[in-house]
Structures are given as C-alpha cells and as structure tokens.
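The values are calculated or read from the model by the stated rules, or taken from the named source; none is laboratory data. Since we're looking at a predicted model, the values are computed, not measured. Cβ placement follows ideal geometry from the backbone for every residue including glycine, while neighbour counts extend to all protein chains displayed.
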There are 2 protein chains.
Amino acid sequence: MNAAGFAVNDRGCAFGDGLFETLFVHEGRVARLDDHLARLRCGLSRLGLPEPSGDQMLAVLDEAIKTGASDHGTTGVCKLVVTAGSGPRGYRRPEQPALTVTAAYGPLPPVPTEPLALDPVPVIVEGVTALRGLKHLNRLSQVLAQQSLPAGRREGLMLDPAGRVVSGTMGNLFWRERGDWHTPPLVGGAIAGTRRAWWIETLDARVTPCAPGRLALAEAAFLCNAVSAWRPVGWLLGRALPDVDGPPADGLESVAGCWQPPAGAMRPRQNPWPATLSEAMADSCWGRVALAESGAPCEVSCPTPPSPQSIER
Amino acid sequence: MNAAGFAVNDRGCAFGDGLFETLFVHEGRVARLDDHLARLRCGLSRLGLPEPSGDQMLAVLDEAIKTGASDHGTTGVCKLVVTAGSGPRGYRRPEQPALTVTAAYGPLPPVPTEPLALDPVPVIVEGVTALRGLKHLNRLSQVLAQQSLPAGRREGLMLDPAGRVVSGTMGNLFWRERGDWHTPPLVGGAIAGTRRAWWIETLDARVTPCAPGRLALAEAAFLCNAVSAWRPVGWLLGRALPDVDGPPADGLESVAGCWQPPAGAMRPRQNPWPATLSEAMADSCWGRVALAESGAPCEVSCPTPPSPQSIER
C-alpha cells in the first residue's frame, strides 16, 4: 500500500467518521466506477458531509493507482477512504469540515481456489439504524467476526440480533430457491454493495428476509463484493451445495481469478464525476437499486428531531 | 494537539479497530490514571488485542503532555489512542498485531457556565453486543447525535432502539429519585465510564433501566465524563430541575471550571502499570464496578462459537 497517512486528529481515525470504497482495478481501469461514485456521494450526503470535487477524487485515485502499479502491476485493488478530516477533540464536527481523501493501491488478495464453506459466526451484527447500508468506517463487528472464524476458514455467515441472515463478513449473500435468486435486506446491518446492486438487477433477485433455517432450501449460493462479484458457496450450514459450476449470469469473466461483471462495465479512470447526486443515482446500477429499495436512500433514516422544549442558557 | 499521525493502513483508521481514553490532566498529573489503565487493559483483552508495555504507554503519555504543555499549560486534556496497528487490507488482523499507541494533549474545552438542558436526540444508539461498554473507536452514532443537536445545544439524551435512556452524547447520566441516585445500565450502548464507576461507588448508585418517562421523577441530574465529573442538568425533558447547587458528594473541586474527584485521586504520571489485568481490576474503582456489573467483564460478550460442521477445502 502506498499514499500518505492520517493526521493524529483526523476524525476518520478518532471516530470512524467517514466512508470507504474498495475498487477492483483491471489494466489501470476501475470496475464499475459509476456505482462506487454514486454510493460514495449518497453516503456523504447521509452523513451530512460535503462532497469533494470530482477532480480531486479522480486525481487521488489516479495517483494511487499510478504509484502502486509500479510495484503491483495494473490489476489490483484500490481502497479509497474519505473522512470528515481533521478537527478538535470531541464528537462534533467543525462547522466547515475539510474532507480527507486518500487512496492506496495494492495487489489482489489470495483468490480462493475452492468454493467457500459458510457457517454462522458468533459475533452478532447490529446495524445502527442511521447508518443502514453505508460503507462507513465503523467496522469492529466485522473485525471481531473475522477474528472468530475457525482456523482455515475465510468467511462466515453474520446474523442480526433477531437471528436473521445478514451477509458474509466480507461480502453479500445471494441464494437460489426454486429457481429464483434472493438476497437479505439491508435492515440487519449489511452493506449496500455495488456488486449486490448489480446482481439484483442482473438476476432480478428478490430482497428477502431470511432466517438460517430457510437456507436449507437453497439450491445454490454465492457471496459477492467488489473484488470478486461471484464467490461460490460450496457448503452452507454444513450442507454441500452441488451447483457451483459457474456464475449464474452470462458475460462474467475471471480476471486474475476474481470474477467480474462484463468488461463493458470497466470505466476509464477519467469517468466524469456526475454533476448532481440525483444524476449519479439515476445513471448507476447501484443508485437505481438503492432508490428501489428505499424511497429516500439519501436521508439519514432516523426519526424527525424533537422540537426543543427548552433552550440552553 | 501534537503527536505524529497514523499510517494510511492503520486499522484504527480503516475500521475503528482500537480504543481510546480521555484523560484529565492537572498540573501535569493524570486524574484517576489507575481507572483509565484498568479500563484500557480490559478493553484490549475483550477485543483480543495484546497489551502494550506499561513503559511504552507511560512514555507516550509523558511525551504528549510534556510537548503540549509548552503551548497549553500543565492543565488540560490528553487523548490516548491505542489501535490494532498497521495491517494489510481486509478485516482480519495480522497474526501478531503491533499496536499503535499515540497521545495528543490539548487545552480544556470551553466549560459550560450554566446547567445543561437535556432532550432526546433523534439518533438511536444501538450498542453492538460484543462491544458493550467499550470506549472503542466506532463512534459514528455519537457524531451524528452531536450533529443533530439544535443550535446552541451542547448535549442531548441518547435512547436505544427500545426507547430506553442510554446516556448523554458525551457523558453518562445520573439522576436522583426519592433520595437515591441511579444511572442506566450499559446494555443500550453507553460507555463504561471511569467517572461513572467513581460515582456508582461514591453515591452507592443503583444501575437502573430507565424509560424517558421515569425521568419525570428526577429531583436532580448530572452528566459525567473524564473532563468533568459533574455537569449539572438544569432542564430535563423540558422540565426545570431546581437542585443544581453543587455536586452531590464531598471533596469534589472545580479545577479550571471542570469538577473533579478529590485531589488524592490525582496520580503521578509515573503510576506503575499493574502487573496483571486482574490486579488492575481489583485496584481501581473502575475495575471493581465493572466486576460488580458483570461477572466476566473482560470476555467478549457474544455466544460461544459454533463448532464447524464442515471444513474449508
């Protein structure tokens, strides 16, 4: 990984006050950059943070990829982090936050050569309502879930406090049941993934609440994230799933072992930052699915503030 | 604030994988350092992180206070941050995490000159079970709660998803009811505060679940944190509380406007790092209260891991 560090008083480090995107880079181009930019802008809006300029964002990405490519080649992973920037001690942000935008490019992770085995992890995911679906920097649940995995395992099934299926620790779950594809809703704490959105559109998948017992009906299952849009599940709650022959949609290709949507989705880094958030939402697969899943995905989903009944004197 | 920054791949910045302590410093000495060290060690143990050496910790603290004092004087606030250190991309920690220990010293915050007004904020606190009580770096709920406060307000009342009272956004709540003092339990997402523990011992306070309606019975209330052990609440849910004459225990003194427990609790910075976690727990007010509140406060409070029913092949 390259790139500079964070100031000691960066709010990303102090409180996880920020967002990140994990970008798959192939021959120097970012896969589905439009989806990532739409999600990032939606997330910034929901957190009440300003938008960086598109030029700044793309310049940071370009620089990270260019610098890292000399060590790692032009196919790899770029992690983009946007935080609320530096500020004084305390939870409250400065009046005019100056975002920190940083990116680091590195090699692809080791690619699993066999289908995954998925069993529940002992760490319950509790999605904070106001943060639903966001790819924010508060990720201790996922860290503890990864730490809890038995030796040799890379993935596990995360459940919410009601015992419903949420996702894997590093990717979203899809399962096939009587020919239809399903994925859990975001209620339980899952991340509104860019590849999740792509699969929902591509497979016309249903968003279905799911207790683990329902997965006994699964005929096939996979996890998806930006690094690999298809990671087949071979064993689900201890039961072997026979149907792991290949991705359930045409056109995916394995790029350095990571399955990716059709190459047309590889946008040049010069992809313009859309002029408005609503344009970004309408123009991206991620945005269309987000709008379909919620009438107002860009508002903080918490109750209306109470009207103050007394004032501070 | 002084001190160096974080590497771009520090897990504290990437995931909030770490803990912090906010230390009140008076004439170069840290208030109730034993409580803070006990809590920090308990938190590191619960997160599955190694312990830094006591020498390293105290050297970092000393250096931050010494450096900052030239700008800010010898009375102020020191923020100590311990993260899981640098690592590769991905939630899973390196096999042998090398902690990042950093501290920054700065001036005291503006001291409220009037009692606080407390009304519910619109951001629900959802305490992740495995993180209950920890002063971890995943603080987006508190950030959004602060951002939601009406103009001129500094504090609000945080509620959990069941509508129960949790705490203020920056401190724990105590209220007096028919002569007895009460504070909410940690279930809802409150931080196991060092001053909270001190007040529980000092006032023989009860740990009592509390819906907002119950606060109609409050005769007096205050918030507490490390910077000020007593911040009187003058208006609670719109109702004036008359009893704000002074702290409800003898011996507190106002140090630069911040109320602090008796001076005997000011430990020199050379306070030894206790030899063992259990010693740290037994020797500190915080540890005794933590042990009383939970039989096993240093274990990650999540279900036993399921035995793997299949292995990754």
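In table form, for the structure just shown:
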item	result
Any pair with Cβ under 7 angstrom, 6 or more apart, that starts in the range B:83-106 at a residue that is at the interface with another protein chain (Cβ under 9 Å from one of its Cβ atoms) and ends at one that is aromatic (Phe, Trp, Tyr)	B:Tyr91/B:Phe15
Matching residues, the range B:185-197, being touching a Phe, Trp or Tyr at 6+ places or on another chain (Cβ under 9 Å) and crowded, with 23+ Cβ neighbours inside 10 Å	B:Gly193, B:Thr194, B:Arg195, B:Arg196, B:Ala197
Subset of the range B:49-82 [among the polar types (S, T, N, Q), assigned to a loop (DSSP other than H, G, I, E, B) and surrounded by fewer than 17 Cβ atoms within 10 Å (Cβ to Cβ)]	B:Ser53, B:Thr74
Selected residue [more than 30 Å from B:Gly85 (Cβ to Cβ), hydrophobic (A, V, I, L, M, F, W, C), in a helix (DSSP H, G or I) and out of contact with any His (no Cβ under 9 Å at 6 or more places or on another chain)] from A:Ala14, A:Ala38	A:Ala38
Residue among A:Gly73, A:Gly85, A:Gly106 that alone is in the same structural domain as A:Phe20 (by TED's automatic domain parsing), in contact with a Ser or Thr (Cβ under 6 Å, 6 or more places away or on another chain) and at pLDDT 90 or above	A:Gly85
Positions within the range A:15-30 being away from chain B (no Cβ under 14 Å) and either farther than 18 Å from A:Trp230 by Cα or surrounded by fewer than 24 Cβ atoms within 10 Å (Cβ to Cβ) (or both), in sequence order	A:His26, A:Glu27, A:Gly28, A:Arg29
Selection from the range B:119-135 of residues that are part of a strand (DSSP E or B) and either more than 9 Å from chain A (Cβ to nearest Cβ) or under 16 Å from the mean Cα position of the chain (by Cα) (or both)	B:Gly133
Some residue of the range B:145-156 being in contact (Cβ under 8 Å) with a residue 60 or more places away in the chain and either surrounded by fewer than 23 Cβ atoms within 10 Å (Cβ to Cβ) or within 17 Å of the chain's Cα centre (by Cα) (or both)	yes
Selection from the range B:159-174 of residues that are buried (at least 20 other Cβ atoms within 10 Å of the Cβ), away from every other protein chain (no Cβ under 11 Å) and of a type in the set (A, V, I, L, M, F, W, C)	B:Val165, B:Val166, B:Leu173, B:Phe174
Residue match in the range B:244-256 (condition: more than 26 Å from B:Thr22 (Cα to Cα) and not hydroxyl-bearing (Ser, Thr, Tyr))	yes
Scope the range A:212-251; condition more than 15 Å from A:Arg154 (Cβ to Cβ), more than 14 Å from chain B (Cβ to nearest Cβ) and crowded, with 18+ Cβ neighbours inside 10 Å; matching residues	A:Ala218, A:Ala220, A:Ala229, A:Trp230, A:Pro247, A:Pro248
Long-range neighbours under 7 Å by Cβ, at least six apart or interchain, first residue in contact (Cβ under 8 Å) with a residue 40 or more places away in the chain within the range B:164-190, second in a loop (DSSP other than H, G, I, E, B) and of a type in the set (Ser, Thr, Tyr)	B:Thr169/A:Tyr91; B:Met170/A:Tyr91
Test: residue in the range A:163-174 that is at pLDDT 95 or above, assigned by TED's automatic domain parsing to the domain that holds A:Leu241 and basic (Lys, Arg)	no
Selection status of A:Ala38, within 10 Å of another protein chain (Cβ to nearest Cβ) and either within 19 Å of the chain's Cα centre (by Cα) or surrounded by 23 or more Cβ atoms within 10 Å (Cβ to Cβ) (or both)	no
